[in-house]
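Values in this text are rule-based calculations from the coordinates and carry no lab data. Only a predicted model underlies this, so the values are computations on that prediction, with no experimental measurement involved. Using ideal geometry, Cβ is built from the backbone for each residue, glycine included, and neighbour counts are taken over all protein chains shown.
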Amino acid sequence: MVAGCGYPLVINMMRFDPYTLLKDSQHRRVEYVRFSITDRCNYRCTYCMPATGLQFHHKADLLTYEEIVRLATIFISLGIRRVRLTGGEPLVRKHLAGELVAALSRLDGIEDLAMTTNGHLLNDYADVLYAAGLRRINVSVDTLDPARFSQITRGGNLTRVLSGIEKAKALGMIPLKINAVVVAGVNEFDPPSLIRYSAERGFILRLIEYMPIGVDDNWKTGFVSLQQIKQRLAESYEFDDCDPVVGGGPAHYLQLSPKNGSHEPVRVGFIAALSENFCAHCNRVRVTSDGRLRECLSREGFLSLRNLMRQGADDTEIGAAIRRALFMKVDGHSFGAEHGHVATLQTMSSIGG
């Protein structure tokens, strides 16, 4: 073990098979890694970051693009097939397309390379991202009301985001997903307009429960279960089960058809981390912008992959450390609607979603 990586020595006593594909102690197959490439963001969404911002990492603390590509290669050797780039807001980091996306798109073994963005810079960069090999994006759009959008994002420009989405669609970045975090008293009655918008453009909408990570004062009054949202939608829509869509995430997808026939059916994914705990089917792991492995969204993570690389560990040693870390993964998150507390002091922006 390389000294100083911050991981407890007790892991050497864990039993694991170094020759199988990547699994955790609950025998869940892990095939999806999310790299947060920066903790900075040009928005200050109320459910994600304090209005005053955060103490961001120094540039030297961030993983370099070369380090991210090296880690992606190691993860591929362990059976990872899906890679997603997140932030903060990934598009605020310079040279993303030419230096990182292009390198990742050339790696053998990645079946799905995607990115999550707030869309503010998408109109500027969609073409270079597509040319570099990015074919799929998720864009955060919590409401189609411009004033409410500005309120939620603390100054975001809805017109600019929607323009970027149209450009990405025209280039062929499909299936394009719209992410909406549902917050009580803010946008809880907005899903019908988002459903129509997605249906008219062939997008996939994903409704996400507000999770108690970081900005907990808002969460205490802002949580609304997706069960409640479904009950409201059932007044106007017929629900039918449908096959999962590309991406392999935790959403439960339903096809919603308007009872009045006002638009085409649309696939809607419901990500209910609290009211419908999906931990038993978790297939992902996260790497923070400063290189820490987060085995679970609700746990801070102890293993610094950045330190391992910078202290000279080879790929085999890093791969073994990742395996050991995943055997320390808990069977489920520690937050819930019934707990009402924050599982970690980190904000969602620094974790990468």
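List of remarks:
- Rounded to two decimals, the Cα radius of gyration of the stretch 25-351 over 2.2 N^0.38 Å is 0.96.
- Straight Cα distances below 17 angstrom link LYS59 to the aspartates and glutamates ASP39, GLU67, GLU89, GLU99, ASP290, with same-chain residues fewer than 8 positions distant left out.
- Environment charge at ARG148 (Cβ cut-off 10 Å; Lys +1, Arg +1, Asp -1, Glu -1): -3
- Residues ALA131 and LEU107, FRET efficiency given R0 of 22 Å [Cβ-Cβ distance, rounded to 0.05]: 0.80
- Nitroxide proxy distance, nm - points 7 Å out along Cα→Cβ at ALA60 and ARG154: 2.9 nm
- In this label model, GLU166 and GLN228 are separated by 3.5 nm, measuring between points 7 Å along each Cα→Cβ vector.
- Note on GLU235/ALA147: beta-carbon distance plugged into 1/(1 + (r/R0)^6) with R0 of 22 Å gives a FRET efficiency of 0.25.
- Cross-link partners for LYS230 among the aspartates and glutamates, with Cα-Cα distance under 19 Å and sequence neighbours closer than 8 places in the same chain left out: ASP142, GLU188, ASP190, GLU209, GLU238, ASP240, ASP241, ASP243, GLU264, GLU276.
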